[in-house]
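What follows draws every value from the coordinates through simple rules; no lab data is involved. All values reported here derive from a predicted model rather than from experimental measurement. Reconstructed Cβ throughout: ideal geometry from the backbone, glycine too, with neighbour counts over all protein chains shown.
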Amino acid sequence: MSDKLDPKKKNPGKRSNASGAGSEQKKPEGTKHNWNSGSAQRQRALARMRVGPVTTCELQRQHDIYDPPARICELRKQGYKIDTVRTLDETESGVLHRVGRYTLRPEMAAA
């Protein structure tokens, strides 16, 4: 194996097989740089909570939300009523973690 850099590669240090959170989720076509902005993450969290309760781990792994507790706090400051229950959630490696399960209270219709 050679230590020389391949001049054909633009970024030789970049991993092409990244396996972190959201690595399999692709940015939707036609979107701009704000796909993962705080606002976009809040909207994804809110949309998911409208379906039913969701855990911190689910928001991170399935919805590419970097810091779910921060997004939940921001949504509460915007007036959303969100309940948190502490629960145990098992990771893919079998380790139990204490996480939050968030439930959006029914929203009042605009008068």
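Just a few scattered comments:
- For region 34-104, the gyration tensor built on C-alpha atoms gives an oblate shape. Its axis ratio a/c (a ≥ b ≥ c) is at least 1.5, and a/b is not larger than b/c.
- Sum of side-chain charges, residue 81 neighbourhood, beta-carbon under 10 Å (Lys, Arg +1; Asp, Glu -1): 0
- Looking at region 61-110, the trypsin sites (Lys or Arg not before Pro) that sit in a DSSP loop and have at most 13 other Cβ atoms within 10 Å of their own Cβ are 81.
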